[in-house]
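Here is the structure we will look at.
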Amino acid sequence: MLVPAARRSCGPIFSLIFFGGLFVFLFLEPKDVLPGTISVDIQSPWDIESHTPSPYDETKLALLIENRVQPHLTPLLLHFMAVVPPEWTFMFMGSNDSIAHINKSTPIREYTRNGKLMTRLVPQNMSINNQEELSRTMTNAWFYEQLLPAEWLFIFQTDSIICANSNVSLNYWVENNYTWVGASWGEDTKYGGNGGFSLRRISHLLEVLTHQARYDGEALEDWWLTDRLGHMPGAKMANGTEEKYFSVEKVPYPTPIGYHTGWSGQLLMAQVWQEKSQRDQIFEYCPEIKMMMPLVLEEEAKCEKDIHDSFPS
Ligand SMILES: *[C@@H]1O[C@H](CO)[C@@H](O)[C@H](O)[C@H]1NC(C)=O
Ligand SMILES: *[C@@H]1O[C@H](CO)[C@@H](O)[C@H](O)[C@H]1NC(C)=O
Ligand SMILES: *[C@@H]1O[C@H](CO)[C@@H](O)[C@H](O)[C@H]1NC(C)=O
Ligand SMILES: *[C@@H]1O[C@H](CO)[C@@H](O)[C@H](O)[C@H]1NC(C)=O
Ligand SMILES: *[C@@H]1O[C@H](CO)[C@@H](O)[C@H](O)[C@H]1NC(C)=O
Ligand SMILES: *[C@@H]1O[C@H](CO)[C@@H](O)[C@H](O)[C@H]1NC(C)=O
């Protein structure tokens, strides 16, 4: 091969780079080099016998429950998987249809293969088709027992979003041992917050649920559970002021970890969404929130009525 004279003297350097690169390629796994990289199970001939420990922490579980096929289901789930700290495991609980729908996606199948994501059918004797049914499921000890050995449960619904620009990690709330952190219901609230984007400590929930049962039609699950957890010795409940740093639904805060829109997205709280300047700030800080809402054109956005009407039910 003809090589220009000036380059010829660089031969040894190129070889060094080439063989160095070959070494990195052959002997180091991407997850050793890049934090958060997923490792797809391709075994090299040399380590068939060795057993790599799972990079995932099964005490931390992020859970999405959705029976309906929705266009944003897969991108939303993948987005959460990218932004929630890398050691978290994920579970998608759904119907045959919604599971088959997400399973069409190549990255979803890869995450399932390498153990990051589990898919489960909603247990046959439980249903989640409306607020009351969901409340029955989420106040049933058996439901949480199915999620063990998870201790930290991050629940998010398809009308919530986690913001990649947030400078606070979900793990902040885990490391500080919170029993329940939800979307703030008011700055003066002593404890309790909306469960549609919430962190829950499973051992504490089980303690409540082995002693008390929710009767059908009682308060919705997040209200019912936090009312009891708030009286339980040893539970650490975030108050409404702290919760606004976690999730915004009703109490405005410019840089939360995420947003929940309330009642399956039909209800946008005026305190957060009414002013154009506030909406602009939200879209700038958390552009991915648009994934779960049809784009609202400027001239349509005369707020409340128009915006409400444009949201999915
Ligand atoms: C889901 O699919 C499985 C296997 O095809 C079937 O046995 C089961 O009855 C289905 N469940 C529902 C709720 O349709
Ligand atoms: C997802 O798709 C793959 C390949 O098409 C298949 O092997 C696997 O069983 C499917 N998983 C579920 C949960 O449907
Ligand atoms: C579903 O079945 C399990 C075990 O069979 C039971 O423990 C649980 O309470 C049931 N859940 C509901 C909501 O009936
Ligand atoms: C995150 O950003 C907010 C707003 O800029 C700031 O007030 C807060 O101190 C920051 N927190 C951390 C942990 O950096
Ligand atoms: C949280 O609990 C763990 C285990 O009990 C303890 O080691 C840690 O100090 C606690 N963290 C805080 C901030 O209280
Ligand atoms: C909420 O908790 C923070 C931190 O513990 C505390 O400083 C604040 O006074 C509390 N606010 C309310 C309304 O209880």
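The values are calculated or read from the model by the stated rules, or taken from the named source; none is laboratory data. This is a predicted model, so every value here is computed, not measured. Cβ coordinates were reconstructed from backbone atoms using ideal geometry, including for glycine residues, and neighbour counts include every protein chain displayed.
Brief remarks follow.
- For segment 117-130, the condition of being in the same structural domain as ALA62 (by TED's automatic domain parsing), surrounded by fewer than 18 Cβ atoms within 10 Å (Cβ to Cβ), within 20 Å of the chain's Cα centre (by Cα) and among the charged types (D, E, K, R) holds for at least one residue.
- Among residues of segment 163-179 being assigned to a loop (DSSP other than H, G, I, E, B) and more than 28 Å from GLN281 (Cα to Cα), the one that is farthest from ligand 1 (Cβ to nearest atom) is ASN176.
- Residues of segment 72-109 that turn out to be buried (at least 19 other Cβ atoms within 10 Å of the Cβ) and either among the small types (Gly, Ala, Ser) or outside any helix (DSSP H, G or I) (or both), as a count: 8
- Of all residue pairs spaced 6 or more apart or on separate chains, those with beta-carbon atoms under 9 Å, a first member in segment 212-235 that is assigned to a helix (DSSP H, G or I) and a second member that is among the basic types (Lys, Arg) are GLU221/ARG136; GLU221/ARG214; TRP224/ARG214; LEU225/ARG200; LEU225/ARG214; LEU229/ARG200; LEU229/ARG201.
- One residue stands out among those in segment 164-181 that are among the hydrophobic types (A, V, I, L, M, F, W, C) and crowded, with 21+ Cβ neighbours inside 10 Å: the one that is nearest to ligand 2 (Cβ to nearest atom), which is LEU170.
- Test: residue in segment 266-273 that is touching a helix residue (DSSP H, G or I) at 6+ places or on another chain (Cβ under 8 Å) and either modelled with pLDDT of 95 or more or within 16 Å of ligand 3 (Cβ to nearest atom) (or both): no
- Qualifying residue in segment 179-188 (condition: among the acidic types (Asp, Glu) and under 19 Å from the mean Cα position of the chain (by Cα)): no
- Of everything in segment 236-249 that is outside any strand (DSSP E or B) and among the hydroxyl-bearing types (Ser, Thr, Tyr), the residue that is farthest from SER198 (Cα to Cα) is THR241.
- Conditions (1) in contact (Cβ under 8 Å) with a residue 60 or more places away in the chain; (2) within 19 Å of LEU209 (Cα to Cα); (3) not β-branched (Val, Ile, Thr); number of the one not met by ASN125: (1)
- Any hit, segment 195-211, residues being surrounded by fewer than 19 Cβ atoms within 10 Å (Cβ to Cβ) and in a loop (DSSP other than H, G, I, E, B): no
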